Amino acid sequence: MADDYRTTEVGERYAQALFDLADETGVLDAVRADLASLRAAWKDSADLRRLATSPVIASEDQQKGLVAIAEAAKFNGVTKNFFGLLGQNGRSGDLPGVIAGFEKLYAKKTGVVAAEVVSAQPLSDAQMKSIQSALRASLGKDPEMTARVDPSILGGLKVKVGSKLFDASLKTKLDQMKFALKRA
């Protein structure tokens, strides 16, 4: 739930408005950095998620809370004002959808694609650079890499780029063998 970033219709509309404003005012990269920080905070902080999504917290209080967070984090003025607008309109719970929509628009404009690499053990910088080079060669675009460790895959890698998943994990290979043996 905490890391469930899917675009929604409302999130995409707000994301488009924020993207257009940030682009027009020349602060696109700053707003993107702010949203990346907020995404990390959203993932780590149950209190932030509760503030934004709880129906018992009044929208004025959500607005004040989001603006206070933006001020404390020294977010760009455009981002801070946008958070105020979301809170005022009672749409703070749509933040994950807004962030996902903004990232989609940013990737489309800049040609950067997000790639998530999941491994059983932490990867070294050299391994990440090697994966990044291979993705750049196959995609023809510059991938922005994030790494995540998931011991349950046992070994190998899973690489997610957009809606595509390249699964070379040991767990998947073992599951395929198990399925094949059951059929035989």
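The values are calculated or read from the model by the stated rules, or taken from the named source; none is laboratory data. None of the values given here were measured: they were computed from a predicted structure. As a convention, Cβ positions derive from the backbone with ideal geometry for all residues, glycine included, and neighbour counts pool all protein chains shown.
Remarks
- For ALA114, the conditions (1) surrounded by 14 or more Cβ atoms within 10 Å (Cβ to Cβ); (2) in a helix (DSSP H, G or I); (3) at pLDDT below 95 all hold with the exception of (2).
- Leading residue by the ranking (surrounded by the fewest Cβ atoms within 10 Å (Cβ to Cβ)) among those in region 117-163 that are touching a residue at least 12 places away in the same chain (Cβ under 8 Å) and polar (S, T, N, Q): SER152
- Test result for ALA36, modelled with pLDDT under 95, under 18 Å from THR110 (Cβ atoms), out of contact with any Ser or Thr (no Cβ under 7 Å at 6 or more places or on another chain) and assigned to a helix (DSSP H, G or I): yes
- Test result for THR79, of a type in the set (Ser, Thr, Tyr), crowded, with 19+ Cβ neighbours inside 10 Å and on the phi < 0 side of the Ramachandran plot: yes
- ALA70 being surrounded by fewer than 15 Cβ atoms within 10 Å (Cβ to Cβ), more than 15 Å from LEU105 (Cβ to Cβ) and among the hydrophobic types (A, V, I, L, M, F, W, C): no
- Pairs where the first residue, in region 24-46, is more than 15 Å from GLY93 (Cβ to Cβ) and small (Gly, Ala, Ser) and the second is modelled with pLDDT of 95 or more and surrounded by 17 or more Cβ atoms within 10 Å (Cβ to Cβ), C-beta under 8 Å, 6+ apart: ALA30/ALA22; ALA30/ASN76; ALA30/VAL78; ALA30/THR79; SER37/PHE75
- Residue match in region 44-53 (condition: out of contact with any Pro (no Cβ under 6 Å at 6 or more places or on another chain), under 21 Å from GLY162 (Cα atoms) and modelled with pLDDT of 90 or more): no
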